[in-house]
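The values are calculated or read from the model by the stated rules, or taken from the named source; none is laboratory data. The shown structure was predicted, so the numbers you read here are calculated from the model rather than taken from an experiment. Please note: Cβ atoms are built from the backbone with ideal geometry, for glycine as well, and neighbour counts cover all protein chains shown.
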């Protein structure tokens, strides 16, 4: 396995997600260091001083993401009901099902949120994912929750960070918006989704990130391990590396639907 070089920061845990859906657990349990207040939804998470959330239409992906509920229990659980051993990465846990199979891992969580939004908007014909440039997985009638869940299980089993990176379009960090994806496509690879973005009067942007991981686990809002003063928010700046608690990305790995 080739691990990307890391500048000046020792990761507590470095796991990788891939299409093989391999079972694994972290080597050492790390307790939650801070128990944050319970914020009911993403849009209730306080902003850094001087920032306001970007405007969004009421039926937009941005608005839908901001209204995702957050669990009162801040613990991340695996698909089989066990607690994830590393409990220090998350600020909050999204109230989104992880399922009962080891399928909804990193890129899968991104696809789950996008698909759930389109399902809620009844834009069923847009719920399309690919596992390569030739094969598309299209959600077909009848359009009901049972068929939707069956469809997603198939997508999660066949698609991953490599295929999702090909499906998405590169976008510069200065244009970051809710729903965008930081993704290192590969075997292995990883992906996190932008849940919210805010702006101050100087045009500076901050954003929230969420992930699932391997094994399949609750989707969780990430702490900012580099700038704890504004955590869980991340700031758009000139840095080439974006450091998250369990992975790091380069700024040119941002993608848009």
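For (1) under 22 Å from residue 78 (Cα atoms); (2) at pLDDT 95 or above; (3) assigned to a loop (DSSP other than H, G, I, E, B); (4) in contact with a strand residue (DSSP E or B) (Cβ under 8 Å, 6 or more places away or on another chain), each residue gets a yes or a no:
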{"position": "179", "(1), (2), (3), (4)": "no, yes, yes, yes"}
{"position": "198", "(1), (2), (3), (4)": "no, yes, no, yes"}
{"position": "213", "(1), (2), (3), (4)": "yes, yes, yes, yes"}
{"position": "249", "(1), (2), (3), (4)": "no, yes, no, yes"}
Residue that is within 22 Å of residue 70 (Cβ to Cβ), touching a strand residue (DSSP E or B) at 6+ places or on another chain (Cβ under 7 Å) and either surrounded by fewer than 22 Cβ atoms within 10 Å (Cβ to Cβ) or in contact (Cβ under 8 Å) with a residue 40 or more places away in the chain (or both), where the choices are 171, 244: 244
Of all residues in the stretch 215-230 being in a loop (DSSP other than H, G, I, E, B) and surrounded by 17 or more Cβ atoms within 10 Å (Cβ to Cβ), the one that is nearest to the chain's Cα centre (by Cα): 219
Given (1) modelled with pLDDT of 95 or more; (2) touching a strand residue (DSSP E or B) at 6+ places or on another chain (Cβ under 8 Å); (3) under 26 Å from residue 114 (Cα atoms); (4) surrounded by fewer than 16 Cβ atoms within 10 Å (Cβ to Cβ), number of the condition residue 50 does not satisfy: (3)
Complete set of residues in the stretch 62-73 that are touching a strand residue (DSSP E or B) at 6+ places or on another chain (Cβ under 7 Å) and either farther than 20 Å from residue 220 by Cα or surrounded by 19 or more Cβ atoms within 10 Å (Cβ to Cβ) (or both): 65, 66, 68, 70
Test: residue in the stretch 40-61 that is over 15 Å from the mean Cα position of the chain (by Cα), without any contact (Cβ under 8 Å) to a residue 40 or more places away in the chain, part of a loop (DSSP other than H, G, I, E, B) and closer than 17 Å to residue 218 by Cβ: yes
Leading residue by the ranking (nearest to residue 110 (Cα to Cα)) among those in the stretch 122-139 that are at pLDDT 95 or above and part of a loop (DSSP other than H, G, I, E, B): 127
Condition broken by residue 83, with the remaining ones in (1) loosely packed, with under 15 Cβ neighbours inside 10 Å; (2) touching a helix residue (DSSP H, G or I) at 6+ places or on another chain (Cβ under 7 Å) satisfied: (2)
Members of the stretch 132-156 that are touching a residue at least 40 places away in the same chain (Cβ under 8 Å) and touching a helix residue (DSSP H, G or I) at 6+ places or on another chain (Cβ under 7 Å): 152, 155, 156
Sole residue being at pLDDT 95 or above, buried (at least 16 other Cβ atoms within 10 Å of the Cβ), in a loop (DSSP other than H, G, I, E, B) and out of contact with any strand residue (DSSP E or B) (no Cβ under 8 Å at 6 or more places or on another chain), chosen from 103, 152, 118: 103
Some residue of the stretch 138-149 being loosely packed, with under 14 Cβ neighbours inside 10 Å and closer than 19 Å to residue 213 by Cα: no
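Of everything in the stretch 200-216, what is closer than 23 Å to residue 188 by Cα and out of contact with any helix residue (DSSP H, G or I) (no Cβ under 9 Å at 6 or more places or on another chain)? Give them in sequence order.
Matches in the stretch 200-216: 209, 215.
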